[in-house]
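This report concerns only the one structure given below.
The values are calculated or read from the model by the stated rules, or taken from the named source; none is laboratory data. This one's a predicted model, so the numbers in the text were calculated from it and none came from an experiment. Note that we place each Cβ from the backbone using ideal geometry, even for glycine, and neighbour counts take in every protein chain shown. Note: areas computed on protein heavy atoms with side chains; ligands, DNA, RNA excluded. Shrake-Rupley method; radii C 1.70, N 1.55, O 1.52, S 1.80 Å.
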Amino acid sequence: MPGPECKLSAETGAPCVTDDSSSRLVPVFVYGTLKTGQPNHQVLLDGTHGHAAFRGRACTLEPYPLVIAGEHNIPRLLNLPGRGHRVAGEVYQVDERMLRFLDEFEGCPDMYQRTRLHVALEGTRAPLECFVYTTATYPPEWVHLPYLDDYDSQGKHGLRYNPRENR
């Protein structure tokens, strides 16, 4: 007997709840304040937002410009594949509820846009397609900021992230 048909959510584009009420998980690549040890990581651990399970460390297959920009020193992955560095981050398997929460948390689609990219997941050979929050609309000078390959809010760049609760 075939399994339940999985349809894509019109709202998120992600696989959604199937007829048997089980939720499908989708991979999300995080590269900034949501990574382990960074200021916003706790939102991935908070089950009230949905489910997120760490899948592993990863690196983008293509280079991207990762910059720290704006008055709050926010890490931004500029949607300019082929420029910058291969960016290190983490992959989480999330359910649709967590994906909707992350969309809101990341100010999608105004501040960030949820797009797809391919990563190399540690311990695997095949590329993995993930959702990621990138920035497609930004001041032109951001392209000329220093490009990072691995964000750390306390890094030697000296640009301290200003947490939401302090804004």
Whether any residue in the range 79-97 is among the acidic types (Asp, Glu) and without any contact (Cβ under 8 Å) to a residue 40 or more places away in the chain is what I want to check.
no
Scanning the range 1-31 for residues that are modelled with pLDDT of 50 or more and out of contact with any Gly (no Cβ under 8 Å at 6 or more places or on another chain), which turns out most open to solvent (accessible area, probe 1.4 Å)?
Arg24
Restricted to the range 68-91, and to residues that are closer than 15 Å to Thr33 by Cα and in contact with a Pro (Cβ under 7 Å, 6 or more places away or on another chain), which residue is least open to solvent (accessible area, probe 1.4 Å)?
Val91
Can you spot a residue in the range 45-53 that is farther than 17 Å from Gln93 by Cα, in a loop (DSSP other than H, G, I, E, B), at pLDDT 95 or above and out of contact with any Gly (no Cβ under 8 Å at 6 or more places or on another chain)?
no
Is the range 43-50 home to any residue that is under 13 Å from the mean Cα position of the chain (by Cα) and surrounded by fewer than 22 Cβ atoms within 10 Å (Cβ to Cβ)?
yes
